[in-house]
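Report on one structure; see the data block that follows.
The values are calculated or read from the model by the stated rules, or taken from the named source; none is laboratory data. No experiment lies behind these values; they were computed from the predicted model shown. Using ideal geometry, Cβ is built from the backbone for each residue, glycine included, and neighbour counts are taken over all protein chains shown.
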Amino acid sequence: MAPQAFDQYDIPERSGKLALFDASYLTDIPHYINEWHVSRIILVVSNSIYTKTGYVQKLEKALGDKVVGKQIGVGSHSPYKDVIAVTHLVQQKDADCLISIGGSSYSDACKIASKLAATLPGGFTAEDMEGLIDQSNGKGVTKYAKIKLILVPTTLSASEWNGIGSCTNSNGKKQHFGPHGLKQGGADVVLCDPELASTAPEQLWLSSGVRCIDHCVETICNRHCTERAEKDALVGLSNMIMGLIKYKESEGQDRAEFLRGISDAQKGSRDAVKALIVDGNSFGPSHAIGHQLGSVGHVMHGITSCIMLAPVLRYTAARSDQPVFSRAKIGQGKILKVFNDTLSWKETDAADALVRLLKQLGLPTRLSEVGVTSEKDIDAIAEKTLTDIWAGGEKQITDKQEVRKILDTAR
């Protein structure tokens, strides 16, 4: 597979901010470090990649004494304490480049840290972070980063493409930090290396791909979805479905096909959030509930979408007479066609097609399968959903009991 490099998106705000596909992290990262003339690098790397493979150690050797600090491990859903630790390291070492190698928790932590380093003084606390937040929508506005940022994703959650990052406070509430808009504040380079991404555990990889399917589906079903946004999301959805199937079927059998599946899915992840970033098309209830299911129920990214997306599809289809869900049936019809065309199925319902795919991939579909069963937790998830950022768009559900209805069908 030949490497590809181009602007992340064809908009002025992302001019010169690169997407690299089929890349080689060991060749391409040193190339940009030298091109930028940076010399004080912080590495934030996956604990499993660091301890179970030699990939990071090879990069450290290639970068030499330019690496001035390192953090191994970031907690699930980017806890404030880890974001603070990375930011303090950037500030204390006067770093000029931050590199993340890991999943969405790593990308989010580093996106936020790069901006908080320019926003808050050294030694800041979690209370200072909360002071930036508009508690009505869970968003804190930051300054732009002053350092270079390279994100090397090893999952498919697609957070690497968004200038805004999410992290979790000590109360279990997921909060969001970044500049005013989604177009601004992107990483300088998003580097997608299929070989490095192949280190991800199977369930993590597959479920993060379902998170991207969630991005595509809720884009298409949003009543403000434009023709261009729909086209991009449908392409991303098809690529993601095929990439996940290739991955699952070729794992341990055909290495070249396995890596092509990873590459296809990585390209699909970019398309999955293009409408959000370029067109300002927002997501919906699956994302809002999923954010809080993750932080309250300690359910990892991706698995939240495995559990919530099908119940949300059924809920919104049954309420397509409501203006906010007026596109639900139309959108789901187009989504169903992609599933059937891509997989040669003859399903008649989008939610059923999704569940069939999840079962084929061996992923959970119920709250009970991930241990979220207590009334206290389910009530807290519903409550916190009402103050979620909803991807910067309208809050499609404003009644806690309506959120509970969706959660109850996911038990």
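Residues in region 212-250 that are among the charged types (D, E, K, R) and closer than 21 Å to G290 by Cα: D214, E218, R223.
Q175 satisfies every condition listed in (1) buried (at least 24 other Cβ atoms within 10 Å of the Cβ); (2) modelled with pLDDT of 95 or more except (2). None of S207, S295, S286, S269 is surrounded by 24 or more Cβ atoms within 10 Å (Cβ to Cβ) and in contact with a strand residue (DSSP E or B) (Cβ under 6 Å, 6 or more places away or on another chain) except S295. Scanning region 57-106 for residues that are assigned to a helix (DSSP H, G or I) and among the charged types (D, E, K, R) yields K58, E60, K61, D65, K66, K81, D82.
Within region 383-394, identify whether any single residue is at pLDDT 95 or above, buried (at least 17 other Cβ atoms within 10 Å of the Cβ) and at negative phi, and answer yes or no. No, that holds for no residue.
Within region 180-189, does at least one residue satisfy the condition of being more than 21 Å from I11 (Cα to Cα), buried (at least 24 other Cβ atoms within 10 Å of the Cβ) and within 17 Å of the chain's Cα centre (by Cα)? Scanning region 180-189 turns up no residue that is more than 21 Å from I11 (Cα to Cα), buried (at least 24 other Cβ atoms within 10 Å of the Cβ) and within 17 Å of the chain's Cα centre (by Cα). For region 384-401, residues that are within 20 Å of N137 (Cβ to Cβ) and without any contact (Cβ under 8 Å) to a residue 60 or more places away in the chain total 4. Note on region 155-172: among residues that are among the hydroxyl-bearing types (S, T, Y) and in a loop (DSSP other than H, G, I, E, B), the one that is surrounded by the most Cβ atoms within 10 Å (Cβ to Cβ) is T155. Exactly one residue among I330, I335, I277 is at pLDDT 95 or above, among the hydrophobic types (A, V, I, L, M, F, W, C), more than 26 Å from T373 (Cβ to Cβ) and out of contact with any helix residue (DSSP H, G or I) (no Cβ under 6 Å at 6 or more places or on another chain), and that residue is I330.
Could you check region 292-303 and list, in sequence order, the residues that are within 13 Å of A380 (Cα to Cα), assigned to a helix (DSSP H, G or I) and modelled with pLDDT of 90 or more? Within region 292-303, Q292, L293, G294, V296, G297 meet the criteria.
Here V152 meets each of (1) within 23 Å of G16 (Cβ to Cβ); (2) outside any helix (DSSP H, G or I); (3) out of contact with any strand residue (DSSP E or B) (no Cβ under 6 Å at 6 or more places or on another chain) with one exception, condition (3). Among residues of region 118-134 that are in the same structural domain as I147 (by TED's automatic domain parsing), those with a Cβ under 8 angstrom from a residue that is among the small types (G, A, S) and part of a loop (DSSP other than H, G, I, E, B), sequence gap 6+ or separate chain, pair up as A118/A145; A126/S170. One residue stands out among those in region 1-45 that are acidic (D, E) and closer than 30 Å to H180 by Cβ: the one that is surrounded by the most Cβ atoms within 10 Å (Cβ to Cβ), which is E13. One residue alone among C216, C212, C225 is assigned to a loop (DSSP other than H, G, I, E, B) and outside the structural domain of S24 (by TED's automatic domain parsing), and that residue is C225. For region 257-315, taking the residues that are over 13 Å from the mean Cα position of the chain (by Cα) and of a type in the set (V, I, T), the one that is nearest to E230 (Cα to Cα) is identified as V278. Among the residues of region 373-396, the ones that are of a type in the set (A, V, I, L, M, F, W, C) and more than 22 Å from the chain's Cα centre (by Cα) come to 2 in all.
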